[in-house]
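**Q** Handing you this structure, nothing more for now.
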Amino acid sequence: KERFQKGNYQLLVTTGGKIKVGNHLSKYETWAELAASSLKKIGVSEDKIMAAPAIKNIKKDRTYYSIRELQRRLHKEGLKAASIDVVSLGVHTRRSWFLFKKVFSSVNVGVIAISPNVYDTSRWWLYSAGVRSVISESIAYLYARFIFSPHIK
């Protein structure tokens, strides 16, 4: 909230796909809507927030298609991004940043990583959650970087 208010940002956009049924947060249909609601609760002005949920029922390449949906939503609203700062959690941030730069190729894309609170990032290998996060995101990043080929929908 503070970074948004102090920075020269015009809009705070949330992305994310469907929340699985049975999850205690499922009163929100998507992670984008949950994030937007959370931002409103901490005092971010509603007119500065845009939820851009991902296409429903995407099972593969969810991060990429969330970003594409954001791109479509900005275009639909007549908004042109001059620059974007991607805010994401921990090691997922590198892949998000890479994919944002791929989709928004003519836009300056910055990145802000939020440290996870379930393990010490400077000693991640001592925590099972850290090991799982680093290994799975490393594999996902390598996939995104060297194997992934988008099929435009």
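The values are calculated or read from the model by the stated rules, or taken from the named source; none is laboratory data. Since the model is a prediction, treat every value here as computed from it, not as a measurement. Please note: Cβ atoms are built from the backbone with ideal geometry, for glycine as well, and neighbour counts cover all protein chains shown. The protein model used for the area step is the full one, side chains on, heavy atoms only, and it has no ligands, DNA or RNA in it. Shrake-Rupley method; radii C 1.70, N 1.55, O 1.52, S 1.80 Å.
**Q** How many Lys pairs in the stretch 6-71 lie less than 21 angstrom apart by Cα atoms, where the lysines are 8 or more positions apart or on different chains?
**A** 17
**Q** Next up: Peptides 91-98, 73-80, 107-114: what's the order by average Cβ count within 10 Å, highest mean first?
**A** 91-98, 107-114, 73-80
**Q** Net charge near Y28: determine it from the other residues with C-beta under 13 Å of the C-beta of Y28, scoring Lys and Arg +1 and Asp and Glu -1.
**A** Result for the local shell: +3.
**Q** Could you give the length gained on full extension between R72 and K56, defined as 0.36 nm per residue of separation minus the Cα-Cα distance, in nm?
**A** 4.3 nm
**Q** What does the helix-only formula give at 222 nm for the chain: each DSSP H stretch with n ≥ 4 adding -39500 (n - 2.57), the total divided by the residues, and the result rounded to the nearest 500 deg cm²/dmol?
**A** On the way: 5 runs with 62 residues, N = 153.
Calculated mean residue ellipticity at 222 nm is -12500 deg cm²/dmol.
**Q** Limiting things to C-alpha atoms, what are the Rg and the maximum Cα-Cα separation (Dmax) for the stretch 9-153, in angstroms?
**A** 15.6, 47
**Q** With every protein chain kept in place and ligands, DNA and RNA left out, what is the accessible area per residue of the chain? Probe 1.4 Å, answer in Å².
**A** So the chain comes to 67 Å² accessible per residue, rounded to a whole number.
**Q** With a length cut of 18 Å (Cα positions projected on each helix's long axis) and a Kyte-Doolittle mean of at least -1.0, go through the chain and give me the DSSP H helices that pass. Let's see the in-between values first.
**A** On the way: long enough: 62-76 (21 Å, -1.61); 128-146 (27 Å, 0.56).
The answer, listed by residue number, is 128-146.
**Q** Out of residues 5 or more away from G16 or on other chains, whose amide H comes under 5 Å of its own, with H placed 1.01 Å from N in the peptide plane?
**A** A32, A54
**Q** For L89 and W125, FRET efficiency with R0 = 25 Å and r from the beta-carbon atoms, rounded to 0.05?
**A** Calculated transfer efficiency: 0.85.
**Q** Over all distinct Cα pairs, what is the inverse of the mean 1/r for the stretch 91-145, reported as the Kirkwood hydrodynamic radius in Å? Walk me through the numbers before you get to the answer.
**A** On the way: mean 1/r = 0.0820 Å⁻¹.
Kirkwood radius, the stretch 91-145: 12.2 Å.
**Q** When DSSP beta bridges are limited to those with both residues in the chain, what percentage is antiparallel, rounded to the nearest 5?
**A** Counting DSSP beta bridges with both partners in the chain, the antiparallel share is about 10 percent.
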